[in-house]
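Everything on this sheet refers to the single structure shown next.
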Amino acid sequence: MSTKGFQTPKSATRLLQDLISIPSVNPDGDPGCASTGEQQIADYIAAFLKKCGAEVDLIPVLPGRPNVIAHFKAARAPHALPITFAPHLDTVSVRGMTIDPFHPKIVAGKIFGRGASDTKGPMASMLWALKSWSEKQKPASRTLPVVFAGLMGEEAGNDGAIHLMKSGFKTDFAIIGEPTDLKIVHAHKGALWFTVETVGKSCHASTPERGKNAILLMTEIIRTLENDFVPFLHAHSHPHLGKPSFNIGTITGGSKVNIVPSQCKIECDIRTIPGCGMNEIEKQLKITLKRFSGVICKISRSPASLDTPLQHPWVQRLKPFTKGITTAPWFCDAAVFSQYKTAAIAIGPGSIQQAHTVDEFIREKEFLRGVQMFERFLLTR
Ligand SMILES: [Zn+2]
């Protein structure tokens with residue numbers, strides 16, 4: 001990897017515009033454009049960080065989809081665990097956007113483009129802060145090692161964060177870049193998605209007694225979920241996040257009006273809280289569905305919840321530079337770090353209201369306030 005020909009942008013805003021103009025759309029689902037994946041943006045960030053004096057590696061996770069990991073060493077604390085800045089490299093689809101996603105225009109103080117808020121704004125503010133910090137505090141005088149981890153695949157499956165933590169990566173504290181209006185998100189719910197499928201027996205609709213109606217069986221299951229399973233979830237509560245939620249999002253079944261249906265399927269979404277995680281829920285689901293025969297239950301996705309204590313020393317150190325502390329209804333890579341017993345929070349300029357929208361933007365003033373926040377945090381030591 002070479003930095004030959006790489007021009008460091010002249011300002012933080014210019015850096016953000018550069019990042020927006022490099023497509024890094026997550027290829028899962030319908031990306032809405034031909035150019036997907038994180039390779040190009042990882043190359044750009046690697047060159048930027050090399051120019052700041054970091055040791056940089058691109059770690060392949062999936063073909064053309066690396067993590068970018070940069071180490072800023074500290075001579076005065078050679079054995080200390082680093083703190084880590086970890087925004088994600090990917091964005092959601094650009095399908096249906098009403099603005100040009102990759103030509104960042106500035107209009108009335110707003111920088112428009114895919115990822116402006118989620119999460120190239122937070123990422124650019126971290127990168128620019130690292131640049132100024134590395135210029136002001138040279139490696140010989142540093143007392144804190146810092147890592148920048150640009151993670152691929154956050155928008156579908158958190159593959160980049162999982163890959164990093166599985167590799168044995170150790171950090172004292174991880175700051176995940178997400179648009180949180182400059183507030184520390186220390187707790188959020190997780191999600192657990194599962195499907196239930198009923199298998200019946202088809203026959204002619206005029207003789208239903210000869211078959212087994214999979215839709216009717218499903219109505220019984222739905223009633224049981226509502227009556228027995230949801231009360232189990234609601235018996236749990238978290239002081240900041242409240243109770244877990246349960247939603248049946250889709251139902252499909254049957255093939256024709258004059259056939260007894262042999263198949264019916266529902267998809268369910270649970271927003272989990274700490275203390276009522278995947279294992280407990282899976283166990284209870286099994287108990288609830290045990291009384292039915294011909295039922296297949298599959299858990300398909302389960303990002304964990306986050307619950308970093310407010311008293312954590314790094315949360316306390318970061319707090320004075322932020323706009324306060326909050327929780328979030330969404331989940332992010334912070335939960336992956338947390339699953340590996342690593343303290344993590346999410347923070348950044350920009351707003352979740354603007355994330356994933358058809359005219360995504362970030363206010364330039366708030367973005368620059370984000371740069372300042374991370375810079376002051378890094379320099380105040
Ligand atoms: Zn995000």
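Computed from the coordinates by the stated procedures, all read-outs in this text should not be read as laboratory data. The model shown is predicted, which means the values in this text are computed figures rather than measured ones. Cβ coordinates were reconstructed from backbone atoms using ideal geometry, including for glycine residues, and neighbour counts include every protein chain displayed.
For this structure, a couple of remarks:
- The chain: relative contact order as a whole-number percent, Cα under 8 Å and 6+ apart: 23
- Residues of type aspartates and glutamates that residue 105 reaches as a straight line, Cα spacing below 19 Å, ignoring anything fewer than 8 places off in the same chain: 18, 118, 359, 360, 364, 366
- Modelled FRET efficiency - R0 25 Å, residue 257 with residue 293, Cβ distances, 0.05 increments: 0.45
- Radius 15 Å from Cβ of residue 322, net charge of other residues (Lys, Arg +1; Asp, Glu -1): +2
- In segment 1-83, the trypsin sites (Lys or Arg not before Pro) that fall in loop regions by DSSP, at most 13 other Cβ within 10 Å: 4, 10, 76
- Fully extended contour minus Cα-Cα distance, from residue 286 to residue 222, at 0.36 nm per residue: 21.6 nm
- The protection proxy used here, the mean number of other Cβ atoms lying within 10 Å of each residue, ranks peptides 36-46, 252-262 as follows, highest first: 36-46, 252-262.
- Label-to-label distance for residue 312 and residue 143 is 2.2 nm, based on points extended 7 Å past Cα in the beta-carbon direction.
- Taking a point 7 Å out from the Cα of residue 203 in the direction of its Cβ, the residues of segment 276-305 whose backbone N falls within less than 18 Å of it are 294.
- Distance from segment 325-350 to segment 196-210 (C-alpha centre basis), Å: 47
- Efficiency of FRET from Cβ geometry, residue 235 and residue 51, R₀ 51 Å, rounded to 0.05: 0.40
- Distance between the modelled labels on residue 62 and residue 248, one decimal in nanometres: 3.1 nm (7 Å Cα→Cβ projection).
- Taken along the Cα-to-beta-carbon direction at a fixed 7 Å, the label points for residue 30 and residue 167 span 3.5 nm.
- Test item: Cα-centred dipole of the chain, Lys/Arg +1 and Asp/Glu -1 on Cβ, debye: 820
- Pairwise FRET efficiency - residue 369 versus residue 193, Cβ, R0 = 41 Å, nearest 0.05: 0.70
- When the pairs 120/265; 138/183; 243/341; 4/136; 51/323; 265/290 are compared against a 27 Å limit on Cα-Cα distance, 120/265; 138/183; 51/323 fall above it.
- Fewest-first ranking of 118, 181, 359, using other Cβ atoms within 10 Å as the exposure measure: 359, 181, 118
- Listed residue (134, 68, 150) projecting farthest to the positive dipole end of the chain, Cβ model: 134
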